[in-house]
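Trainee: One structure, as structure tokens, below. Some questions next.
The values are calculated or read from the model by the stated rules, or taken from the named source; none is laboratory data. Keep in mind that this is a model prediction, so the values were computed, not measured. All Cβ positions, glycine included, derive from the backbone under ideal geometry; neighbour counts span all protein chains shown. The accessibility values were calculated without ligands, DNA or RNA, using every heavy atom of the protein model including side chains. Shrake-Rupley method; radii C 1.70, N 1.55, O 1.52, S 1.80 Å.
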Amino acid sequence: MATKAYLNVVLVGSILLAVLMNASDARPAAFNAPSNHYNWLSSSGRLQGLECSLCKDFVALVRKALDSGESSYVPEIAKLVCIIKYKEAAQVCDGVVTLWRPIFKFAIDKVYLSPENVCGQYLGSGCSNSTIPELNYYWNVTLPSVPKPPVTPIQPPTPGARRLRVAHISDVHVDMLYKVGASADCGLPTCCRVSDGDPSTSKRRAAYWGDYNCDLPWWSLDRIFSQLNRTEKFDAIYFTGDLPDHHVWEQTREQQVDIYRNFTALLRKYFPNVAFVAALGNHESVPVNSFPPRYIKGNESMDWYYPALWEFLSPWVPSDQKENVLKGGYYTQLLYPGFRVVSLNLNYGNNLNWWILQNITDPDDQLQWLIGVLQRAESNGEKVHILGHIPSSELIKGYSWNYFKIAERYESTITGHFFGHTHHDELGVYFDPANTTRAFGTAYIVGSLKTDGNPSYRVYEVDGGYANASWQVLDYYNYIFNLTDANKAGQQRDPTWILEYQPTKDYGLRYAFPAEWAKLIDRFEQSDELFQLYIRFYHKSHLPSSQQPCTGDCKRQFICRMRNMRSGDDSIPC
């Protein structure tokens, strides 16, 4: 991962300080333990005294300007703070403020945001114990009156039963303007473009296959897909979102549409007869994290994107799902008799998507729709895989807890939850709150294909394709290629993909069933050696040189994260 986080600046004005200090989807490489994407700052020593005071003073100034009707000054104040305090380039600051102005204005009109609310929400309890109330409001979906079926143990398949191969890629982050020889340490939040600065002053230049401080070149993705087409056979491909690059201060709607068009054309070229299921990442929109529900009309709505998305996905998605894609970017489809997939737009539960502040309760009724899909699947004897970008443990409380509630009710129907977003290889297990030792589901969180570490993808072996299959993940193969070695070998030679690990061999699992993962977490607690293996895989076998062994509180945080798939839940012992 890049040593300097890319600028995922998502809000102008009041939280500019927060997002300029921590602008990453992926956690900083030198940080051992996982946590909320923003709260890690409060324990890192970077958010102390002056920074927190400046945040509150700045928000108060913005609040005063807005209350007095002098809102025209706010963008200029934001630019000055960006340039002078955080020494970002003028083009970065100007782009940030321009892109996020509409969403900031909308939020300010709908919700009263105090300095304590804002700084506590995004900079953590080290700055303020307050949060934005709307983002922590709990609401309830309505489950049908149909009783939950009795839960029966998952049975292993019979010897020789068919196993399908399902690829999982995520967080590709392709940079169409990547330039070999450009500066790779340009001083901007992300580099490797001609426009990012004079390469003659750089200590490192952009190499052919990519750079750890940059996004993935388009030709690298093309060559990777070409190589996989020759060496692999997939029955389906899961993509859990985030295709665009991280130059978020200068992105346009046209660019986001074009990159999805090119990506799906590449899939049709190399995998023409393979099922493809995609979920939207937080980077698919402009600005990043901006996914207004349908009550937002006009130019700020998603009408610029969802029709194009439907056009690109329609070769794979049945026509009866067009309405759902156009409404909210989610859909379902039957891949095999008895097996269904669901693609969710989990940006509706993203705490950086301020468009949802007008009505935080199940935006666009997506979760209620999901319940209907799962109830019909249960009634029809179907099994279901759910795809989303952001892991359920990282969603706002109401969305996270309701997703968990649905997962627990339909545990006999859902046979896997598939996520990305963190850029790391991670494990999450759903535990029954009424019996905290009983695991009822698994979250498969795959590492990124982007070069913030070694590029990674995964292939699941799924029990399926025949009558009465369980459609459970039995095992998987996690692959990486060493970016440094690939660049040394040069552009004439394809990267060498290696099998990084396989749960049944490297962790000793019999099958990749929830109960087996739960036992593995117990073993992680007992064995530091085994846990350090997990940490190596977590970093895609590219640990920072400054990495210290993850023990003590670091290890505890990881264990807690594996066991807790509800945001802000302390009911599961860890």
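Trainee: To check you understand DSSP bridge types, tell me what percent of the beta bridges within the chain (both residues inside) are antiparallel, rounded to 5.
Mentor: 60
Trainee: Still on this structure, please answer the following. 7 Å from Cα along Cα→Cβ at both Ser571 and Ser301: what's the point-to-point distance in nm?
Mentor: Those two pseudo-labels are separated by 3.9 nm.
Trainee: Now for a separate question. Normalise the Debye intensity by I(0) for the range 113-168, one equal point scatterer per Cα, no solvent, then take log10 at q = 0.14, 0.15, 0.18, 0.26 Å⁻¹ and round to two decimals.
Mentor: One equal scatterer on each Cα of the range 113-168 leads to -0.71, -0.71, -0.75, -1.03.
Trainee: For the chain, which whole percent of the accessible surface, found with a 1.4 angstrom probe, sits on carbon and sulfur atoms?
Mentor: 51
Trainee: Hey, another quick one. What's the ranking of 367-377, 349-359 by average number of surrounding C-beta atoms within 10 Å, highest first?
Mentor: Result, highest mean first: 349-359, 367-377.
Trainee: Mind checking the per residue accessible area of the chain for me, 1.4 Å probe, whole number of Å²?
Mentor: Here the per-residue accessible area is 37 Å².
Trainee: Along each of the three principal axes of the Cα atoms of the chain, give the extent in whole Å, ordering the values from largest to smallest.
Mentor: That gives 69, 59, 51 Å along the principal axes, largest extent first.
Trainee: Next question. Largest first and in whole Å, give the semi-axes of the range 481-571's equivalent ellipsoid, each being the square root of 5 times a Cα gyration tensor eigenvalue.
Mentor: So the equivalent ellipsoid measures 30, 17, 13 Å along its semi-axes.
Trainee: Full-extension gain between Asn129 and Glu70, please, as 0.36 nm times their residue separation minus the C-alpha to C-alpha distance.
Mentor: 18.3 nm
Trainee: Shifting gears a bit: Please express the Cα-Cα pair-distance distribution P(r) of the range 358-446 as a list of whole percents, one per 5 Å bin, running from 0 to the bin with the greatest distance.
Mentor: Taking every Cα pair in the range 358-446, the percentages come to 3, 13, 23, 25, 20, 12, 3, 0.
Trainee: Sort the following peptides by mean Cβ neighbour count (other Cβ atoms within 10 Å, averaged over residues), highest first: 292-304, 554-566.
Mentor: Those peptides, ordered most packed to least, come out 554-566, 292-304.
Trainee: Provide, for q = 0.15, 0.17, 0.20 Å⁻¹, the log10 of I(q)/I(0) from a solvent-free Debye sum over equal Cα point scatterers in the range 85-186.
Mentor: Treating every Cα as an identical point scatterer, log10 I(q)/I(0) equals -1.02, -1.09, -1.23.
Trainee: Can you tell me the order of 442-452, 154-164, 59-69 when each peptide is scored by its average per-residue count of other Cβ atoms within 10 angstrom, highest first?
Mentor: 442-452, 59-69, 154-164
Trainee: Can you tell me the length gained on complete extension of the stretch Gln526 to Ala434, counting 0.36 nm per residue apart and subtracting the Cα distance?
Mentor: 30.7 nm
Trainee: Using a Cα-Cα cut-off of under 23 Å, which lysines could be cross-linked to Lys555, ignoring same-chain neighbours fewer than 8 residues away?
Mentor: Lys505, Lys519, Lys540
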